[in-house]
Amino acid sequence: MEIGSVQVLGHTTQASRALGSMAALAILDLAGALIARRYAVNHSSLALAGGCLVFAALFWVYGRSLAYAELATVTIGWIVLLQVGVLFVSRFLDGVTIPPGKWIAIIAILLLQGYLLLAPST
């Protein structure tokens, strides 16, 4: 099974696989964090079980992604995308105001992450 791959002229690129893995990891991690927040408030057995499933899936995706991408690249990308996701949750679900400087920093970090992923490694 391929995770987050994109077909480009009949070929799956390694960069697209890595990017898809980073996005999948960030989405799973963010979902797990939101479930954990719900568990912290309600002590729901359903939230606990859901969180365990989400983090088991996260572990599986992480392990699969390391078959075709470097540990450091995938991990950094995952954390960057996770932090962007957390900021979006804070902004749109929790109503936290995020100043323009932080939005500029987010864009810069995403551009730098793109460089790390796409630049030649030699």
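Here is how the numbers come out for the structure above:
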quantity: Residue check, Trp78 surrounded by fewer than 15 Cβ atoms within 10 Å (Cβ to Cβ) and either in a helix (DSSP H, G or I) or not hydrophobic (A, V, I, L, M, F, W, C) (or both); calculated: no
quantity: Every residue from segment 89-104 that is assigned to a helix (DSSP H, G or I) and at pLDDT 90 or above; calculated: Val89, Ser90, Arg91, Phe92, Pro100, Gly101, Ile104
quantity: Single condition Ile104 does not satisfy, out of (1) loosely packed, with under 10 Cβ neighbours inside 10 Å; (2) more than 17 Å from the chain's Cα centre (by Cα); calculated: (1)
quantity: Lone unmet requirement of (1) assigned to a helix (DSSP H, G or I); (2) of a type in the set (A, V, I, L, M, F, W, C); (3) crowded, with 16+ Cβ neighbours inside 10 Å for Ala69; calculated: (1)
quantity: In segment 22-43, residue farthest from Gln83 (Cα to Cα) [restricted to those that are out of contact with any Phe, Trp or Tyr (no Cβ under 8 Å at 6 or more places or on another chain), surrounded by 14 or more Cβ atoms within 10 Å (Cβ to Cβ) and among the small types (Gly, Ala, Ser)]; calculated: Ala36
quantity: Selection from segment 49-78 of residues that are touching a residue at least 24 places away in the same chain (Cβ under 8 Å) and hydrophobic (A, V, I, L, M, F, W, C); calculated: Val54, Phe55, Ala57, Leu58, Val61, Ala69, Val74, Ile76, Trp78
quantity: Single match in Leu48, Leu82, Leu93, Leu34 (criterion: under 30 Å from Ser121 (Cβ atoms) and aliphatic (A, V, I, L, M)); calculated: Leu82
quantity: Residue within segment 51-63 that is out of contact with any Phe, Trp or Tyr (no Cβ under 8 Å at 6 or more places or on another chain), modelled with pLDDT under 90 and under 30 Å from Ala119 (Cβ atoms) present; calculated: no
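The values are calculated or read from the model by the stated rules, or taken from the named source; none is laboratory data. As the structure is a prediction and not an experimental result, all values here were calculated from the model. When we count neighbours, we look across all protein chains shown, and the Cβ atoms used for this are built from the backbone with ideal geometry, even at glycine.
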